[in-house]
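Have a look at the structure below, then the notes.
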Amino acid sequence: MAGMDRARVVERVRVHPVALFAIVDAYQRRSDDTPRIIGTLLGTFQKGTVEVKAAFPVPHQETEDEVSVDLEFASNMLELHKKVNTKDSIVGWFATGATITAHSNLINEYYIRTTTISTGPVHVTIDTALTGGKMGINAYRRAVMGVPGRTQGSLFFSVPCEVCSYSAERVAVKEMLGGKKVGDKTLSLGTDPEQVLRSTEKMLEVLQRIGDYVDDVLGGRVVADSSVGRMLSDVVASVPSIDPEQFESMVTSGMEDLLMVVYLANITQAQLSLGEKLTSIL
Amino acid sequence: MAASAAVAASGTVKEESFKVENVQVDGLVVLKIIQHCEQEGGGPEAVQGNLLGLVDEVNKRVEITNCFPTPHRGDEEEEDSGQLQEYQIEMMRLMREVNVDHMLVGWYQSTFVRSSINRTLVESQFTYQKAIKASVVLLYDPVQTVQGCLSLKAYRLSEAAMEMCRDSWEYSVDYLNKLDVTHSEMLEEIPVKIHNSHLVKVLLCELSRKDPEPEPVDFLSLGTSVELEKNVRLLMSAIDDVGGDAGKFSNYQRQVARHQQQVQQSLQKRQQENAHRASRGDAPLQEEDVSKLKVPQCPSRLDSLLLGKQISGYCQDARQFASQSLAKLFLARALQDQ
């Protein structure tokens, strides 16, 4: 699978939130003398798109003149990862910090040797120093420039980088987002009726926005967009017009089923505790 | 097994008894667990892994700051625990090098609805808890999470349960009475909180900018009977199991009664013999060794306890689910009226 696409250049990078979280966490745990951390990115490369599924930090030292990377650590960690996920391979490396330094080239060399993408590894930077007021996430790939045969340098091309996630991951991220405005750092998982409440609130919000938009259009404040209008009319038409009696009977039968199940559940629990009491008496 | 391997690797044993009141999980751990399940998932085997972190005794809290998956063995059951142990030791060593908390505080497992409260779970948790007083097991339900509600629960064995496991694996009825353990007290659930440092929160804001996800509005859909059916079916099979277990137990009781009778009879016979012999002037015979009659084995009550726990779990789920659906139905009716 990967063999067919090896010749393609990396066109796009999609990162899973897990990798980003791992990088930030590693950055927070770094020892004080290293201003930035680097590490390996694991994932898959298909049809020009690199999907980064995991990341782990690699200890390294950086001085003015030289860079040393603990390669043994990197390969050991890779071995362990492979035991669990056999499909992932090294697709690149990451570094924290906003810019690409001269040392990046050297580190890149190492990764060229170990990555499975034949056109070169992907380099992702995460700006944990928050320059510019936000945490920039960028991806690059290296290209050789200069006159062939003479001095050659490398240029890091920027590659579009987006975040993708599985639906379960999305749910988790959203739960965590709920806690971002609160002062304290913790967030407890909501109970189920709260979930229903939240979903209804969201739907109300959406409806509100639509209502406002329609008002604007009618009031002439916004130019009417016919495609939007058509979509809206589709939505309205899709609400089935049911005979109110039928609807009532549907709702009541649904409720009866649910109440019956609740009743059965309560009976079973009562039976259980009774049974336990009896066996303990015997 | 995975539990004993990790326990041997951890090397920390605390002697004092420890009560854990809440569990704090880092966002990173949640995402890693989810990803592991997604990648391996679908199969009948649950995915497993270990949890690393810190134990905060002052606040009676277990903080879980990192985790790593354990490779599941597939069909080669003979693959020795030695390899697994090496994997865990190696992983923890590497984590230590990058300043990750390398203390083992528990393990996680994926479940399907609630169907994995069974004997292996208890045994594994017991092994962990014996060595690391504060260890917890995190159960993650991928099915429920996809529907929009992150389902992550932490459990520990209660004190009574620990004692029971420690002393014997037999679980006879008298023993249970002595300890007064009901099914709800075997495993205790601990509230879970998700914790993120501020830098990670910045990351979250960035993520929400880059990845505006569509709202899972179909959480509000009314077609919910499938879920309910599944739940009820699981409940029924669990009840069948309990029925089977109860049957076994009543068998056992009958056997005990019979055994008693036999003992009585043989004693009586002995006595009669002795009386005879005494009347004839012979020396009385030795009391026959009554313990030669086999005492019937008491079946393990652990299964019934666990089944009880599972059933109550299903009942709770059913009730929660029903309350949600009722709310939705009321909503629909209110809308219709308008």
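The values are calculated or read from the model by the stated rules, or taken from the named source; none is laboratory data. What you see is a predicted model, and the numbers here were worked out from it, not measured in a lab. Every residue, glycine as well, gets a Cβ built from its backbone with ideal geometry; the counts of neighbours run over all protein chains shown. Ligands, DNA and RNA are excluded from the accessible area calculation, which covers all protein heavy atoms including side chains. Shrake-Rupley method; radii C 1.70, N 1.55, O 1.52, S 1.80 Å.
Tally up the residues in segment B:23-47 that are part of a strand (DSSP E or B) and modelled with pLDDT under 80, please. Can you show your working first?
Our first condition is that a residue be part of a strand (DSSP E or B); within segment B:23-47, this holds for B:23-26.
After this cut, where a residue has to be modelled with pLDDT under 80 as well, the list is none.
Selection size over segment B:23-47: 0.
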Tell me whether segment A:71-82 contains one or more residues that are modelled with pLDDT of 80 or more and assigned to a strand (DSSP E or B). no
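Residue-by-condition table, conditions (1) over 30 Å from A:MET203 (Cβ atoms); (2) hydroxyl-bearing (Ser, Thr, Tyr); (3) at pLDDT 75 or above:
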site: B:THR224; (1), (2), (3): no, yes, no
site: B:GLU229; (1), (2), (3): no, no, no
site: B:LEU234; (1), (2), (3): yes, no, no
site: B:ARG254; (1), (2), (3): yes, no, yes
Can you name the residue in segment A:16-68 that is within 16 Å of A:TYR166 (Cβ to Cβ) and charged (D, E, K, R) and, of all such residues, is farthest from the other protein chains (Cβ to nearest Cβ)? A:GLU51
If you scan segment A:26-53, which residues turn out to be part of a strand (DSSP E or B), open to solvent by 20 Å² or more (accessible area, probe 1.4 Å) and closer than 25 Å to B:GLY53 by Cα? A:LYS53
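Please determine whether any residue of segment A:107-125 is within 14 Å of chain B (Cβ to nearest Cβ), modelled with pLDDT under 75 and crowded, with 17+ Cβ neighbours inside 10 Å. Please lay out each step first, then the result.
At the first step, the residues of segment A:107-125 found to be within 14 Å of chain B (Cβ to nearest Cβ) are A:124-125.
If we keep only those that are modelled with pLDDT under 75 as well, we get none.
So far as segment A:107-125 goes, no, none of its residues is within 14 Å of chain B (Cβ to nearest Cβ), modelled with pLDDT under 75 and crowded, with 17+ Cβ neighbours inside 10 Å.
Against the condition hydrophobic (A, V, I, L, M, F, W, C), open to solvent by 10 Å² or more (accessible area, probe 1.4 Å), modelled with pLDDT under 80 and within 30 Å of B:GLN83 (Cα to Cα), how does A:VAL9 come out, does it pass?
Details: hydrophobic (A, V, I, L, M, F, W, C): yes; open to solvent by 10 Å² or more (accessible area, probe 1.4 Å): yes; modelled with pLDDT under 80: yes; within 30 Å of B:GLN83 (Cα to Cα): no.
No: the conditions fail for A:VAL9.
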